[in-house]
Amino acid sequence: MNARARLLLAGPIALGVGASAVLGGLVLWPQWQQMQLEQGRLTELRALEARLPLIKRQLEREQSGRQTALEQQALVLDLIAGSGSLVTFMAQVDRLAALSGVRLALYEPAAALGEPTPPGNAGANGKSNPAAPPPDPLLAPGVSKQEVLLSAAGNYPALLSFMRKLEKLSVLVVQSNLQLISEEPAPRLLLKMRVATYSRAST
């Protein structure tokens with residue numbers, strides 16, 4: 001076979017090989033792209049699977065934290081499990097005063113004295129009232145608060161004994177705004193204070 005014949009024979013062969021390569025690329029290229037996409041998804045799934053134990057531990061810690069918070073709240077409510085009745089509380093106060101040798105001169109609910117105007121409301125002179133006090137940190141969910149103003153008369157040891165007994169009541173009691181006034185005949189004293197009681201909120 002001479003050179004010309006070989007050239008004529010090689011031309012169609014080369015053309016066929018080129019056409020086959022083009023057709024193969026058109027068919028195989030999308031499949032290769034799909035394979036790469038699936039490989040990427042598989043890698044992501046494996047990474048997520050490797051993180052599952054960590055995610056599970058985090059969820060368990062969060063659940064444990066919530067459970068601990070609920071248990072602590074229940075413990076607080078048990079500690080201050082008063083009836084929530086102001087009449088019952090004042091009966092206890094009367095008994096403690098008698099045991100301490102103190103005479104109660106006055107008591108009344110704090111709300112009866114009128115609360116300050118909420119912040120943002122202007123007074124009669126057009127000026128804004130002072131900002132409201134910060135929220136009470138003891139007012140957790142399930143807890144209610146009542147306040148009374150007390151005035152008790154007696155000598156210093158008796159008043160001190162009365163205050164200590166008041167702090168040991170079964171309900172949580174917080175004393176504030178204490179004023180000690182000297183009266184005649186000495187050593188008679190008048191103690192004025194605001195008493196806040198915390199108990200289970202009514203449901």
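Obtain the nm distance between the two label points defined at Gln175 and Ile55 by a simple spin-label model: each point lies 7 Å from its Cα along the Cα-to-C-beta direction.
Going from the Gln175 label point to the Ile55 one covers 5.7 nm.
Report the gain in length on full extension from Ala140 to Glu62: 0.36 nm times residue separation, minus Cα-Cα distance, nm rounded to one decimal.
26.1 nm
Please give the length that would be gained between Lys168 and Ala186 if that part of the chain were fully extended, namely 0.36 nm times their separation in residues minus their C-alpha to C-alpha distance (nm, one decimal).
3.6 nm
Starting from the Cα-Cα distance between Arg46 and Leu70, subtract it from 0.36 nm times their residue separation and give me the gain in nm to one decimal.
5.0 nm
I need the calculated FRET efficiency for the pair Tyr156 and Ala201, taking r as the beta carbon distance and R₀ as 41 Å, to the nearest 0.05.
E(calc), rounded to 0.05, equals 0.65.
Can you give me the long-range amide H partners of Gly101? Hydrogens built in the peptide plane at 1.01 Å from N, cutoff under 5 Å, separation of 5 or more residues or another chain.
When sequence neighbours closer than 5 places are left aside, there are no close amide H contacts.
Between Gln36 and Ala91, what is the spin-label point distance in nm, taking each point 7 Å from the Cα along the Cα→C-beta axis?
A separation of 8.5 nm, rounded to one decimal place.
Amide H to amide H under 5 Å from Asn155: which residues, 5+ apart in sequence or cross-chain, H placed 1.01 Å off N in plane?
Those lying under 5 Å, H to H, from Asn155 are Leu189.
What list of ³J(HN,Hα) values in whole Hz, one per residue of the stretch 90-96 in order, does the Karplus curve 6.51 cos²θ - 1.76 cosθ + 1.60 (θ = phi - 60°) give from phi, with Gly and Pro shown as x?
Whole-Hz 3J(HN,Hα) from phi for the stretch 90-96: 5, 5, 5, 5, 4, 5, 5.
Any read-out appearing in this document is the output of simple, stated calculations on the displayed coordinates, not a laboratory observation. What you see is a predicted model, and the numbers here were worked out from it, not measured in a lab. Positions of Cβ are backbone-derived with ideal geometry, glycine not excepted, and every protein chain shown enters the neighbour counts.
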